[in-house]
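One structure is given below, encoded as structure tokens.
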Amino acid sequence: MATAANALWGAGRASALPAGYGLHTTTAAPLTSGQTKQTTRSCPTGKKVVGGGVRLNSGQPKDRVIGSGPTSTGTGWSAQVGYSGTGSAK
């Protein structure tokens, strides 16, 4: 996702990472009231996580990050988010 890479590194900067490192993102579907979702992004084979995080895009005050961290094997990143407002959040 170019948007996430640009937000983290600035336009064109994701390619400036050190050799052997990569920037990988995933996007989850919008949440509806009372819903939580968990998503995991795995590293390419043979790679390990050195960092990660979650970004909520909706700007809704009822959005929340429930958890964010490396998988137990260190080969991916998991995040869980929730929404307690009405309607849907993105």
- Query: In this structure, does Val50 turn out to be of a type in the set (A, V, I, L, M, F, W, C), at pLDDT 85 or above and within 13 Å of the chain's Cα centre (by Cα)?
  - Reply: no
- Query: Condition test on Pro70, is it under 22 Å from Gly22 (Cα atoms), without any contact (Cβ under 8 Å) to a residue 24 or more places away in the chain, surrounded by 15 or more Cβ atoms within 10 Å (Cβ to Cβ) and out of contact with any helix residue (DSSP H, G or I) (no Cβ under 8 Å at 6 or more places or on another chain)?
  - Reply: yes
- Query: Among (1) touching a residue at least 24 places away in the same chain (Cβ under 8 Å); (2) not in a loop (DSSP other than H, G, I, E, B), where does Arg64 come up short?
  - Reply: (1)
- Considering region 45-74 alone, what residues qualify as being touching a Lys or Arg at 6+ places or on another chain (Cβ under 6 Å) and not small (Gly, Ala, Ser)? Asn57
- Collect the residues in region 24-46 that are β-branched (Val, Ile, Thr) and either surrounded by fewer than 14 Cβ atoms within 10 Å (Cβ to Cβ) or in a loop (DSSP other than H, G, I, E, B) (or both), keeping them in residue-number order. Thr25, Thr26, Thr27, Thr32, Thr36, Thr40, Thr45
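The values are calculated or read from the model by the stated rules, or taken from the named source; none is laboratory data. As the structure is a computational prediction, the values presented were derived from the model and not from experiment. Here the Cβ is made from the backbone with ideal geometry for all residues, glycine too, and neighbour counts use every protein chain on show.
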